[in-house]
Amino acid sequence: METPENAAPAEDPTAAPVPVVDPRLLVREEGLKGYLTEFKRKVKGGELGSLPVFVGLIVIWTIFQLKNSLFLSADNLSNISYFLSATGMLAIGLVFVLLLGEIDLSVGSVSGLSSTVFATFVVSHGMNPWLALVLTIVTGIVIGAVHGWFFAKIGVPAFVVTLAGFLGWNGLMLWLLGSSGTINIPSDSGPVHIFGQNSFFMDQAIVGAYLLAGLGVVLMLVGSFNEQRRRRAAGVPFRPTSEILFRAGLLAVASFAAAATLNNASGVSNALVIFLAALVVVDFVLRRTKYGRKVFAVGGGIEAARRAGINVPLVRISVFAISGGFAALGGMFFAGQTSSATLNAGGGNTLMLAIAAAVIGGTSLFGGRGSVWSALLGMLVIQSIQTGLDLLNMNTSIQYMITGAVLLGAVVIDSVSRKSQKAAGRA
């Protein structure tokens, strides 16, 4: 029997299999050139990550510094780092909700109600402040779980449920505050003192900021080397030691520079320390636990997640409960800023700023993509704009317009990024 001329040669069963080389390994073997090529490919494919935020921050800081030399002073940067924490806590909870492709419009009202509940427990009923803090956070979690239950079990759209919560919990807050509209909380009442503007980590100890910077670098190294060990044992691509050390070096430069700057003011506020600690813990939960993978899976596709055996209603309820819990904690930060529970707590543009922070920082409104660090990056952008415009004595209306333009730009970038990823076959 003749063999056709164009027929493929028969495979030799005794030949050794040709190893499949992961393209990420080829990139790293090419050194700097490989990383530059990979960076260009990601940008063309719409995988921008946090690049637009960093570019935006550089532009914002440069403009305000040219307009007012006090903008990058130690005292002003210390104020930015303190006041971003309260709304930032709300943004952390909203990241969970946005990862599902949903929205929670109640976080502002829940934060205001929570500060009022705490004040009522402590001032009106003489409760221990720390016990009152625990009950306040539990209150926020329960409220969020109720929202999630109506959404996941009854099928009421999250927008409607949380809009009703926005109105209802705001009404309850007004009722608890009474005709005075304010409940003053003693500034030395445990949590209120810790969250206050004049409370700093390791007060009177200049090494406190540097200890935190060093701890951050050590945690990054431990996590990276642990991941390297696990991936190497599993036979999958892993980051080389040189890349890990380079990343750690960049983090060390940034963190110790920030520590030195804050030490030139008054040090690192407790509010910022708690905010950063929350980011680290939540980032670990989302990226390193089964629960975190379930959240991303549900946000990426409900039907696919259901077929994979994920309890979708439970994930939804838990996500809204987490959002309520962080809203309550954010309310305590607001109470610490004024040592009181007032009608303005969680009101005004607080909700919009929290949503804007998560979106500007890089969390997609369409679900399935984002990081809790977007809460920090987004709040840096927003608080920098607010503080810079205050230094220039600009009207609040200008702040709203500029923040709105930045938010629109972030959503446009997100939408264009998704289209680029679909065109590149990576969505």
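For the list (1) at pLDDT 85 or above; (2) surrounded by fewer than 21 Cβ atoms within 10 Å (Cβ to Cβ); (3) in contact with a helix residue (DSSP H, G or I) (Cβ under 6 Å, 6 or more places away or on another chain), I need the number of the one condition that Gly367 fails.
Only one criterion in (1) at pLDDT 85 or above; (2) surrounded by fewer than 21 Cβ atoms within 10 Å (Cβ to Cβ); (3) in contact with a helix residue (DSSP H, G or I) (Cβ under 6 Å, 6 or more places away or on another chain) is unmet by Gly367, namely (1).
Testing Ala260 on (1) touching a helix residue (DSSP H, G or I) at 6+ places or on another chain (Cβ under 6 Å); (2) open to solvent by less than 50 Å² (accessible area, probe 1.4 Å); (3) farther than 22 Å from Thr87 by Cβ; (4) at pLDDT 85 or above, one condition comes back false. Which one is that?
The single condition Ala260 does not satisfy is (1).
Can we say Pro186 is surrounded by fewer than 16 Cβ atoms within 10 Å (Cβ to Cβ), on the phi < 0 side of the Ramachandran plot and of a type outside the set (A, V, I, L, M)?
Criteria met by Pro186.
Can you tell me which residue within the stretch 145-165, out of those that are open to solvent by 50 Å² or more (accessible area, probe 1.4 Å) and not in a helix (DSSP H, G or I), is nearest to Asn311 (Cα to Cα)?
Gly155
Could you tell me which numbered condition Asp75 fails, if it satisfies all but one of (1) open to solvent by less than 10 Å² (accessible area, probe 1.4 Å); (2) acidic (Asp, Glu); (3) in a helix (DSSP H, G or I)?
Result: Asp75 passes all but (1).
Taking only pairs six or more apart or across chains, which ones have beta-carbon atoms under 7 Å, a first residue in the stretch 334-358 that is closer than 13 Å to Met379 by Cα, and a second residue that is open to solvent by 20 Å² or more (accessible area, probe 1.4 Å)?
Close Cβ pairs satisfying both conditions: Leu351/Leu105; Ala356/Leu407.
Out of curiosity, is Ile183 closer than 30 Å to Thr116 by Cα, of a type in the set (Val, Ile, Thr) and not in a helix (DSSP H, G or I)?
So Ile183 passes the test.
Per-residue answers, yes or no, for (1) buried (at least 17 other Cβ atoms within 10 Å of the Cβ); (2) without any contact (Cβ under 8 Å) to a residue 24 or more places away in the chain:
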{"site": "Leu105", "(1), (2)": "yes, no"}
{"site": "Gly112", "(1), (2)": "yes, no"}
{"site": "Ser115", "(1), (2)": "yes, no"}
{"site": "Val123", "(1), (2)": "yes, no"}
{"site": "Ile143", "(1), (2)": "yes, no"}
{"site": "Leu167", "(1), (2)": "no, no"}
{"site": "Met173", "(1), (2)": "yes, no"}
{"site": "Ser180", "(1), (2)": "no, yes"}
{"site": "His193", "(1), (2)": "yes, no"}
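Each row is one residue, and each column tells you yes or no for (1) at pLDDT 90 or above; (2) more than 15 Å from the chain's Cα centre (by Cα).
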{"position": "Leu70", "(1), (2)": "no, yes"}
{"position": "Asp75", "(1), (2)": "no, yes"}
{"position": "Ser78", "(1), (2)": "no, yes"}
{"position": "Ile92", "(1), (2)": "yes, no"}
{"position": "Glu102", "(1), (2)": "yes, yes"}
{"position": "Thr116", "(1), (2)": "yes, yes"}
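Look at Ala327 and say whether it is at pLDDT 90 or above and farther than 17 Å from Gly101 by Cα.
The answer is yes for Ala327.
Quick grid of which residues meet (1) of a type in the set (Ser, Thr, Tyr); (2) in contact with a Ser or Thr (Cβ under 7 Å, 6 or more places away or on another chain); (3) farther than 18 Å from Gly93 by Cβ:
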| site | (1), (2), (3) |
| --- | --- |
| Phe118 | no, yes, no |
| Trp130 | no, no, yes |
| Thr136 | yes, yes, no |
| Ile143 | no, no, no |
| Val161 | no, no, no |
| Gly165 | no, yes, no |
| Leu172 | no, no, yes |
| Thr182 | yes, yes, yes |
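Give Gly249, Gly300 a once-over and let me know the one that is more than 20 Å from Phe151 (Cα to Cα) and out of contact with any Lys or Arg (no Cβ under 7 Å at 6 or more places or on another chain).
Testing whether each residue is more than 20 Å from Phe151 (Cα to Cα) and out of contact with any Lys or Arg (no Cβ under 7 Å at 6 or more places or on another chain) leaves just Gly249.
Can you give me the ranges of the helices (runs of 4 or more DSSP H) entirely in the stretch 285-366 with at least 2 residues that are closer than 29 Å to Gly178 by Cβ?
Per the criteria, 312-338, 350-360.
What's the total number of residues in the stretch 375-412 that are among the small types (Gly, Ala, Ser) and closer than 9 Å to Ile360 by Cβ?
Residues meeting the conditions: 3.
The values are calculated or read from the model by the stated rules, or taken from the named source; none is laboratory data. Computed from a predicted model, the values in this text were never measured in an experiment. Cβ atoms come from the backbone with ideal geometry, glycine included; neighbour counts cover every protein chain shown. Heads up: the accessible areas ignore ligands, DNA and RNA and are worked out on the full protein's heavy atoms, side chains in. Shrake-Rupley method; radii C 1.70, N 1.55, O 1.52, S 1.80 Å.
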